[in-house]
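The values are calculated or read from the model by the stated rules, or taken from the named source; none is laboratory data. If you're wondering where the values come from, they're calculated on a predicted model, not measured in any experiment. So basically every Cβ, Gly included, is an ideal-geometry build from the backbone, and we count neighbours across all protein chains shown. To get the accessible areas, we keep the full protein, side chains included, count just its heavy atoms, and leave off ligands, DNA and RNA. Shrake-Rupley method; radii C 1.70, N 1.55, O 1.52, S 1.80 Å.
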Amino acid sequence: MKYVLATFNRDKARELQALLALPGVEVVPVADFPGAVSPEENGTTLLENARIKARAAVELTGLPSLADDTGLEVDALDGAPGIHAARFAGPGATYADNVARLLNEMSARPGAPRTARFRTACVALFPDGRELSSEGVLEGEIVPEA
């Protein structure tokens, strides 16, 4: 069976392909398909954004799709950056830019709790409209340096 990974992140695609390496299963990043473009993630939740990506991949390819969306919730920042983690430092920000902003914001709050969590929503969407979804949380803390 062939699935499309609804991501343009090559590192994520490589990791997921390794995790999903099962007999009879082929997993291909959506970026490998002609005409693929990243849909606007305008949902208000991680699950909505994962659905948006999964739907766009199914519509483009006609294949079952797998999509995710992840946010970082920092307690000292009242849950920010949340679903905006990838754009925390502004449009076009790099991963390093986002980390730098986060560490800068944390340094402005000495003594604040450094507890945080990654929250992820995953969606498997099939061409017939069937959907499977799941959400998970990984608790942790923000360290003082990148």
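In Å², what does the accessible area per residue of the chain work out to with a 1.4 Å probe?
On the way: 8620 Å² over 146 residues.
Averaged over the residues of the chain, the accessible area is 59 Å².
Rounded to the nearest 0.05, what FRET efficiency do Y95 and K2 give with R0 = 35 Å and r taken as the Cβ-Cβ distance? Could you check?
Values: r = 30 Å, r/R0 = 0.85.
Efficiency, from the Cβ-Cβ distance: 0.70.
About its Cα centre, the dipole of the chain is roughly 160 debye, where the only charges are +1 on Lys and Arg Cβ and -1 on Asp and Glu Cβ.
In whole percent, how big is the carbon plus sulfur part of the accessible area of region 59-146, probe 1.4 Å, protein atoms only? Don't skip to the end; give the middle numbers.
Values: 2940 of 5220 Å².
The value for region 59-146 is 56 percent carbon and sulfur by accessible area.
How far is helix 95-107 tilted off the main Cα axis of the chain, in degrees rounded to 10, range 0 to 90? Taking the Cα atoms of the chain, the angle to 95-107 is about 30 degrees. Entry note, the chain: the mean residue ellipticity at 222 nm calculated from DSSP H runs of n ≥ 4, each adding -39500 (n - 2.57), is -8500 deg cm²/dmol after division by the residues and rounding to the nearest 500. Here the accessible area is traced with a 1.4 Å probe on the protein chains. For region 1-57, carbon and sulfur cover 55 percent of it. In this simple spin-label approximation, F118 and E59 carry label points 7 Å from Cα along the Cα→Cβ vector, and these lie 2.9 nm apart. Computed on protein heavy atoms with a 1.4 Å probe, the accessible areas place Y95, Y3 in the order Y95, Y3, largest first. For region 88-137 and region 1-74, compute the distance between their C-alpha centroids and round to whole Å. The two parts, judged by their Cα centres, are 17 Å apart.
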